[in-house]
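The values are calculated or read from the model by the stated rules, or taken from the named source; none is laboratory data. Since the structure is predicted, the reported quantities are computational estimates derived from the model, not experimental observations. For neighbour counting, all protein chains shown are included, and Cβ atoms are generated from backbone atoms with ideal geometry for every residue, glycine included. Keep in mind that these areas ignore ligands, DNA and RNA; they rest on the heavy atoms of the full protein, side chains included. Shrake-Rupley method; radii C 1.70, N 1.55, O 1.52, S 1.80 Å.
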Amino acid sequence: VQNITLNGVDIQNTQKYGYYLAEWEDVKLLNCKMNTLSDGIHCHGGSRLTVDNLHVRYVADDIIALDCNSWTSNRFSTGNISDVNIRNVQVDSAGLSNGIAIFPGIDATGKNGRVKNVYVDGLTGQIGSNTIWVRQYSTTPTDPESGRSFGGYAENLHFRNINVRHGVGQTDVILGIDSIKNITFENFTSDYQGKINIEKGVIDKISMTNM
């Protein structure tokens, strides 16, 4: 999809994703609401997404997922993801969900996926599991030559004005991909004491303020 704006759309009781974007460019989701038994917003391969004033009444899985993984059930090209702006997300209730999930993984060309230029300003309310999840998905394949997991790359990830409570007491931030360059956290409040778990990879510049 290209050059699409959805303003004031209310998604109710969907069994799958609230919003699913594939091969997208210049998409805006403004003043939208939802309750869903899967991911709230799930994105495969694209650039220039704006999410502003999102009200989530209930979400069972990831609130917003940026996913470069190539799934066998997915007939769309996954590809890289860039230039994502997310502002003012309010979550009333959540199942075993992550807040912002970023899966660079492996793209449709068989190469490490890349996610860059993601700005999140304002995430409040209930989180079922991890607040920020930047890692391989559990089904990410391995390189047949080296046997190494495809971990992906992320660059310029910024999270500010986060104020959440957890339903099952998980980690605030999990970082577990090959390489992250320039990641920042600012004004991050949680009932789980701001725990960060770095599982693997190289982090080139990380900044934390009021966390």
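Points worth noting:
- From the list GLU199, GLU145, GLU186, GLU155, the lone residue that is farther than 26 Å from ARG48 by Cβ, of a type outside the set (Ser, Thr, Tyr) and at pLDDT 70 or above is GLU199.
- Residues of region 26-51 classified as of a type outside the set (S, T, N, Q) and open to solvent by 30 Å² or more (accessible area, probe 1.4 Å), total: 6
- ALA94 meets all of the listed conditions (1) modelled with pLDDT of 85 or more; (2) closer than 16 Å to ASP61 by Cα but one, namely (1).
- The test for being surrounded by 15 or more Cβ atoms within 10 Å (Cβ to Cβ) and modelled with pLDDT under 90 does not hold for ILE162.
- All positions within region 177-196 that are part of a strand (DSSP E or B) and touching a Gly at 6+ places or on another chain (Cβ under 8 Å): ILE177, ASP178, SER179, ILE180, PHE188
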